[in-house]
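Here's the structure we're looking at; comments come further down.
Read the figures in this text as sums done on the coordinates, not as results from a lab. Small disclaimer: the values here were computed from a predicted structure and weren't measured. Every residue, glycine as well, gets a Cβ built from its backbone with ideal geometry; the counts of neighbours run over all protein chains shown.
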Amino acid sequence: MADDPKQSPIFEFERLDSKLQLLPLAARRALEEAGIRLSLEGWRSLSSKARQRLLRLGTMDRIDPDEVRELLSPVAESTRAIPPVPPPDPKKPPEELVTSLGEEFVLPAGSWAALRPFERYAIHKVGTRSDRQKLAAAWKEIIGAREVSTHLSASGEAHMVDVAAKEPTHRKAVASAVVRMSPRTLQKLADAPKGDVLATARIAGILAAKRTPELVPLCHPVATTSLALELEPVPQPPSVRIRATAEAFDRTGVEMEAMVAASVAALTIYDMLKGIERGIVIEAVRLEMKDGGRSGRWER
């Protein structure tokens, strides 16, 4: 995967080490995966440009050992070969890390897989050491942000979550919306000047769901297997109730597809009827159910 220029190569918690007396974690990750041990003196002997590139390599999802070796060629006498250290399994945190974190620092469900490889490496390194102060700072910076949103990187920047480590499973989501209108407008559904209101809204919702990643910036494209909309006129209170169901076989869920379908279907109903009534209200767009993936089933 390409380098992410927005991800900082040095975590804020690392600055607890005065003047970074240890090699930054990004550099250590690049060196370990390339099978190289570099002395602190060798690190300091590298040019500023080479250090920055090594740090940046360490934040990339995949590390090129040949490029690491080339960067270190000017200080080859300060290096020695070691067995390459494989990255932590993205599917589950190492047992020694879970034990070290204990009850004080909990890994929320799904947060480990949502981390970037650089972030997993960092929390693993810090978490298996005895410095609890640094662990607290690392947990807050790397894991704590995930409790707010898995769309935040370690440096607080928005990014698309890496779902490569997840297994494809059957996913399903149901969303709903309500379009409230006057009794007179509801009676005009069958002969609205613009044409068949419900059929048009149904098609609009399905088309919109298929374009969800273009509308919601951090959504993944998913392989939808089914998109269905039910639109039911209700006399009391006068309204059209919308129920959108999305299904897929993929690594991430289809909640947004279902909600986009319900929302755009509701907007289309408004557009089809606004010549009759401007005061139509769209309300209660919400997720009713999702199923599949690691978190399983959820129902409102």
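What distance in nm separates the simple spin-label points at residue 191 and residue 128, each placed 7 Å from Cα in the Cβ direction?
Label-label distance for residue 191 and residue 128, simple model: 7.6 nm.
Mind giving me the nanometre distance, one decimal, between the label points for residue 167 and residue 47, set 7 Å out from Cα along Cα→Cβ?
4.9
What is the packing order of peptides 227-238, 175-186, taking the mean over residues of other C-beta atoms within 10 Å and listing the highest first?
Result, highest mean Cβ count within 10 Å first: 175-186, 227-238.
Mind checking the full-extension length gain between residue 91 and residue 281? Use 0.36 nm per residue of separation minus the Cα-Cα distance, one decimal, nm.
Value of the extension gain: 64.0 nm.
What is the fewest-to-most order of 99, 169 by other Cβ atoms lying within 10 Å of their Cβ?
So the residues, fewest neighbours to most, are 99, 169.
Suppose the chain between residue 182 and residue 226 were pulled fully straight at 0.36 nm per residue; how much longer would it get relative to their current alpha carbon spacing?
Answer, rounded to one decimal: 12.5 nm.
For the stretch 9-93, which trypsin sites (Lys or Arg not before Pro) are in a loop by DSSP, counting at most 13 other Cβ atoms within 10 Å?
The qualifying sites are 19, 62, 91.
For the chain, take the convex hull of the Cα atoms, compute a quarter of its surface area, and give me that in nm², please.
Approximately 19.3 nm², given one-decimal rounding.
Running Debye on the stretch 12-148 with equal point scatterers at the Cα sites and no solvent, what base-10 log of I(q)/I(0) appears at q = 0.11, 0.13 Å⁻¹?
So the normalised log intensities are -0.41, -0.57.
How many lysine pairs does the stretch 169-299 hold where the Cα atoms are under 27 Å apart and the two sit 8 or more places apart or on different chains?
Taking the stretch 169-299 as the scope, the lysine pair count is 7.
Report, in order of residue number, the helices in the chain meeting two criteria: a C-alpha extent of 27 Å or more along the helix axis, and a mean Kyte-Doolittle hydropathy of at least -0.5; treat each whole DSSP H run as one helix.
Flagged H segments are 255-273.
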